[in-house]
Structures are given as structure tokens and as C-alpha cells.
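First the structure, in the form of C-alpha cells, and then the observations on it.
The values are calculated or read from the model by the stated rules, or taken from the named source; none is laboratory data. Everything numeric in this text was worked out from a predicted model, so none of it was measured. In this analysis, Cβ positions are derived from the backbone assuming ideal geometry, glycine residues included, and neighbour counts consider all displayed protein chains. Each accessible area value is taken on the protein alone, full model and side chains, heavy atoms only, with ligands, DNA and RNA left out. Shrake-Rupley method; radii C 1.70, N 1.55, O 1.52, S 1.80 Å.
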Amino acid sequence: MSVADLLEGRRVCICGGAGGVGKTTTSAAIALGMAARGARVAVVTIDPAQRLANALGLRELDNEPRRVDPDRLGDDFAGELWAMMLDPKRTFDELIDRVAADPQRAAEIKANRVYRELSTAVSGSQEFTAVAKLYDLARDGNFDLLVLDTPPSRNALDFLEAPGRLTSFLEGSAIRTLIRPHGLGLGVRVLGRGASPLLGALRRVTGIDLLGDLSTFFGLLGDMTDDFSARAAAVQQMLRDPTTAFLLVTSAATPAVDEAIWFRRTLQEGGLPFAGAIVNRVHHDRFGDAEPDDVAAELAAELPEALARRVAATFEDYHRLARRDHRNLARLAAEIGDGDDDRVIQVPQLDGDVHDVAGLERVRAFLFASEEERERLIAEIVA
Ligand SMILES: Nc1ncnc2c1ncn2[C@@H]1O[C@H](COP(=O)(O)OP(=O)(O)OP(=O)(O)O)[C@@H](O)[C@H]1O
Ligand SMILES: [Mg+2]
């Protein structure tokens, strides 16, 4: 199994996973690998490390994919690699431009205080805009494959839930009935009794007319909420489409693997197309099958005793980590496998950070290797 097998016939690949596991690295390496095979691929990255951004020639405030200079990518590169850094604020503005009735209305919304807070609030808006951007790129149809990196979240599913929360806020039926700008809805009377004096006091003290701003905001949104609902439905459809693939990026630590198993189950229950798992930064025993005690004995002959003991202890830690990773990989494969295909691809812990095209190439090699090639590559690392 290689990533190319997992992505056969797919047009959208979403790399989800907990914080810091290697989502950004993996998405870039997947895009690189699929492009090398001849596809026109765009990767949407989220907050890439500066060095990786530089390596891909990514520029800030440039909310469209740009082609990565082919000179950076080597001669046998058959396709095209495009990359962008998601700018949530810009994406939100673009969305308003698309759905507002006219430019005047769009400008008023973008100047509204509630909108400004909403579009720059980190929690939720990154997830929302990532999916919004993905949808627009998919609809434009300029690429064979879109690869989406996802924001750092506590767990992999936060990413899926956040856009829905924000959309239902924008659809706003609950708040809207409370603050209906014209006419006296029941809600205003309800608010009038309890909350309004409070909001009035807030306005006098802070100068912030929260209720006024909110009601203007929803007034401006007006019938756009129908478009939000329609778009939300279309986005849901795209996420569920059989040409979409969710790849889970995870480490081989026990809680991470537990979460991966749960993530797969939840995706399946939600009718979302789970394609496989990338287990990143897997530890391999660099001492082959040697037992820690043998290593200590061997070292004792060569090194001062205290040092020999320390080296042996470090080795033992690594040995334990490698065994744990090995067990967890097998457990994950047994849980999420599909017949002979275990749908689990491992990438070892590499020396040094992965922050340039050469680093991505190393990750790509593991992702796109056949089972045998991967064994050989791992053996090379261990040697
Ligand atoms: N296989 C690997 N071997 C060694 N280092 C790696 C490997 N994969 C990723 N890294 C390094 O781990 C760090 C985290 O990777 P990355 O930024 O891709 O994670 P992330 O999941 O996108 O994080 P966040 O959730 O914060 O967005 C980076 O410094 C990267 O270079
Ligand atoms: Mg990241």
C-alpha cells in the first residue's frame, strides 16, 4: 500500500490529525509525490513553518495557489505542484464578496464590528475558512488533486465540527429572532426584560453597542443566509463524495493510536470517506534485534562503566519506544485494515527537521514506496 494507492481516483485529500504530528509536512509531501507522478496538484497549507514556506516559495497575503518553481523540484518531475498558505481573514472576505448581493453590501458587512471579530477569531474560523477555500478550489476545477492541511486542533474531529458551528451561527436563526432589527419580535421583548439593561450598561461604559452591532450584522446578512445554508450543504456533499479522501496523520504513541481508531469509526458513522492512516515519526530500533543487556555488556568492554551504563539506558529507552510503536502499528492495521490492505503507511522518525524540498523528498519516498521498498528504506535508516 502506498499513498498513490490510497488516493486512486480521488480529487480531494484532507490530512487531519492532532497537533504537531506532521500534518503540514505530510500534506506537502503527498502533494509533491502526486505531482511528481504527473498530476496537477495544489496543496493548501495552514501556518507552515517559515522555512518550509520559504522552501516552497510561499508568500503571505496571497490567498491563491501559486506554482512551485519547477527548478526546485528536479528534472524527472512530470506534473505541477501548486501551493498556498491559507489566510483565514482573506478567505472570509472573499466568501462575503461571493455571497453578498452587491459590492456596497459586501463593504458594509466587512466593516461591521461583529464581522471583524468573527473573521479574525482564531477558534473555528480557521477550520471554517479552510473548508470554504477547499470548496471554491474544487468547484473551480483547475486541479487534478487538492490536498488540504488542517489547523492544529486538540483532536482530529474538532476540524470537522468547527465549520458547522460557525455556519449555523451565520445562518443565525436563533440569534436573529432575538435581535430582529425591524419590528418587535418576541425575542426583543425577552431580551428587553433581562439582557438589555445589561447590554445598555455595557454600551455606556465601553462605548460598544453589542446589540446594535449584532443586529446590524444580521440585518446586513439578510437573505445571504440562504446562500450560507446552500453552500454548507454543498460543502457537506463534497466532504462525503467518494472522490474525497480523509487521511489521518498520527504518531505511533498509544493515545494517538487510540484516537486514530476512534476517528476512523466516527468518520465512518458520519458517512465520510476514510482512506487510511499515515503513522509519522515511527521509531525503529537501530540496534536490530539486540537485547539491551547484551548492549550494556558489549559497551562495558569499550567504555568507562558510568558512560556505558548511560548509553545502554538510552538505548533501552529507544528500544522500548520502538517496540511500542511496532505493537501500535500492528494494532492500528488490524483495526482499520480492509482485507489484505492494512491502509496504514509508516514514516520513520527522521534525523533533523523536515523543512525544505529535500526533507519533503525523504518523507515522500516513504509515503509512495511499495511495501518492499519501504522495508528496504527502513533497513537503510536502521543500518
Ligand atoms: N518523519 C519526521 N521526522 C522528523 N521530523 C519530522 C517528521 N515529520 C515532521 N517532522 C517535524 O515535526 C515538526 C512538526 O511537523 P508539522 O509542522 O508538519 O506538524 P503539524 O501536524 O502540521 O503541526 P500543527 O498541528 O502545529 O500544525 C516539524 O518541525 C517537522 O519538520
Ligand atoms: Mg501544521
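Points to keep in mind about this one:
- Each Cα pair under 8 Å and six or more residues apart adds its separation to the average, and for the chain the resulting relative contact order is 23 percent.
- In this calculation the C-beta distance from ASP294 to LEU350 is compared with R0 = 25 Å, giving a FRET efficiency of 0.40.
- Area accessible to solvent at ILE381, 1.4 Å probe radius, in Å²: 50 Å²
- Accessible area in the full protein assembly, largest first, 1.4 Å probe, for GLU127, GLU372, GLU259, GLU161: GLU372, GLU161, GLU259, GLU127
- Carbon plus sulfur fraction of accessible area for the chain, probe 1.4 Å, in percent: 51 percent
- Candidate residues ARG116, ARG324: accessible-area rank, largest first, probe 1.4 Å: ARG116, ARG324
- The DSSP beta bridges internal to segment 1-154 are antiparallel in roughly 10% of cases.
- Ranking TYR135, TYR318, TYR115 by solvent-accessible area of protein heavy atoms (1.4 Å probe, all protein chains present), from largest to smallest, gives TYR318, TYR135, TYR115.
- Beta-bridge orientation, the chain: approximately 10 percent antiparallel, per DSSP, counting only bridges with both partners inside.
- Accessible-area value, ASP144, 1.4 Å probe, nucleic acids and ligands omitted, Å²: 80 Å²
- Mean separation of Cα contacts under 8 Å (6+ apart) over length of segment 285-365, as relative contact order %: 19 percent
- Surface calculation, 1.4 Å probe, protein heavy atoms: THR25 sits at approximately 30 Å² accessible.
- Surface exposure of the chain, expressed per residue as accessible area with a 1.4 Å probe, stands at 49 Å².
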